[in-house]
Amino acid sequence: MHFEDTPQRASPLSVAADEKTRDAILLVREALRDRRAMLAFQPVVQARMPKRAAFYEGLIRIMDPSGRIIPAADFIGAVETRELGRKIDCLALEMGLDTLAAEPGIRLSINMSARSIGYPEWLAALERGLRHDPSIAERLILEITESSAMEMPELVIDFMADMQERGICFALDDFGAGYTAFRYLKDFYFDIIKIDGAFIRGIGTNPDNQVLTQALVSIARHFDMFTVAESVETQ
C-alpha cells in the first residue's frame with residue numbers, strides 16, 4: 001500500500017508568528033538605517049557596596065518611527081546569524097564608545113556576538129573609538145554570550161588576547177546556560193563571568209539553585225574571574 005506524501009499546512013499561529021518576525025526585521029532594518037536607537041544603562045552593583053555601580057551594562061534599544069521600542073524577542077533570534085545582527089552590534093558599540101568618551105568616570109559593558117569579531121565594520125568602529133581616546137579601552141567591557149563563544153572558540157581566544165593587551169575586559173554572558181566546554185574555559189581568560197539568570201531566580205528558596213550557583217562561583221574564583229549574578233530581583 002502506498003501513501004502519497006502531502007505537505008503539512010502551517011498552523012495559523014506559526015504563520016502569524018512568522019509575519020510578526022518579518023515585520024519586526026523590516027522595522028529594525030529601517031531603524032538602523034536611520035539610527036533610531038538608544039542605550040539603556042543597567043547598573044551592576046557589588047553586594048557589599050550596593051549604592052555604587054561597579055559598571056553599567058549598555059543595552060541597545062531599537063525604536064520604530066513613532067519612538068516605541070521594538071521588543072527584542074520579536075527579532076533577535078532571527079537576526080543573530082545574519083548581517084543585520086552584525087549591524088546591531090556595530091551601532092551598540094559605536095554608541096557605547098561615544099558614551100565612554102563623554103563620561104570619563106564610568107565603566108561600560110557592551111554586548112556582542114562572536115560573529116562580529118570577523119565583521120570589518122565592527123572592527124573598524126572599535127579601532128576608531130580606541131584611536132580617538134586610548135583610555136577608553138580600560139573602561140570598556142565586551143560581553144560575549146556563552147553559546148556564541150563556543151561556536152568559534154579559537155577565534156574568540158585570539159581576539160581576547162589581543163584586546164586584553166590593550167586594556168579591554170571581557171565578560172562571559174549567560175554562564176551555565178549549557179554550552180560551555182570546560183576544557184576551553186581555562187584558555188578563554190574571561191575577566192568576568194555572568195551567571196545565567198535561570199540559576200538566580202528564586203535562589204533564596206531553591207536549594208538546587210543554591211548548590212549550582214555555589215559551584216559556578218567556585219569555578220569563577222578558581223580562574224580569578226569577577227562574578228556577576230543575572231536577574232537579581234529581591235534582597
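In the range 119-167, which residue that is surrounded by fewer than 17 Cβ atoms within 10 Å (Cβ to Cβ) and among the hydrophobic types (A, V, I, L, M, F, W, C) is farthest from T227 (Cα to Cα)? Quick ask: steps written out before the conclusion?
Residues of the range 119-167 that are surrounded by fewer than 17 Cβ atoms within 10 Å (Cβ to Cβ), as a first pass: 120-121, 123-124, 127-128, 131-135, 138, 147, 151-152, 154-155, 157-158, 161-162, 164-167.
Subsequent filtering for residues that are among the hydrophobic types (A, V, I, L, M, F, W, C) retains 123-124, 152, 155, 157, 161.
Details: L123: 27, A124: 30, M152: 23, L155: 24, I157: 20, A161: 20 Å.
Among those that are surrounded by fewer than 17 Cβ atoms within 10 Å (Cβ to Cβ) and among the hydrophobic types (A, V, I, L, M, F, W, C), it is A124.
Could we say that V156 is closer than 25 Å to L93 by Cα and either of a type in the set (V, I, T) or assigned to a loop (DSSP other than H, G, I, E, B) (or both) here? Spelling it out, V156 is indeed closer than 25 Å to L93 by Cα and either of a type in the set (V, I, T) or assigned to a loop (DSSP other than H, G, I, E, B) (or both).
Listed here are the helices (runs of 4 or more DSSP H) enclosed by the range 39-136 that have at least 3 residues being β-branched (V, I, T) and out of contact with any strand residue (DSSP E or B) (no Cβ under 8 Å at 6 or more places or on another chain), and there are none.
The residue that is modelled with the highest pLDDT, among those in the range 116-156 that are within 14 Å of F188 (Cα to Cα) and of a type in the set (D, E, K, R), is E143.
The values are calculated or read from the model by the stated rules, or taken from the named source; none is laboratory data. Just so we're clear, the structure is a prediction, and the values are computed from it rather than from any experiment. Neighbour counts are summed over all protein chains in view; Cβ atoms, including those assigned to glycine, are modelled from backbone coordinates with ideal geometry.
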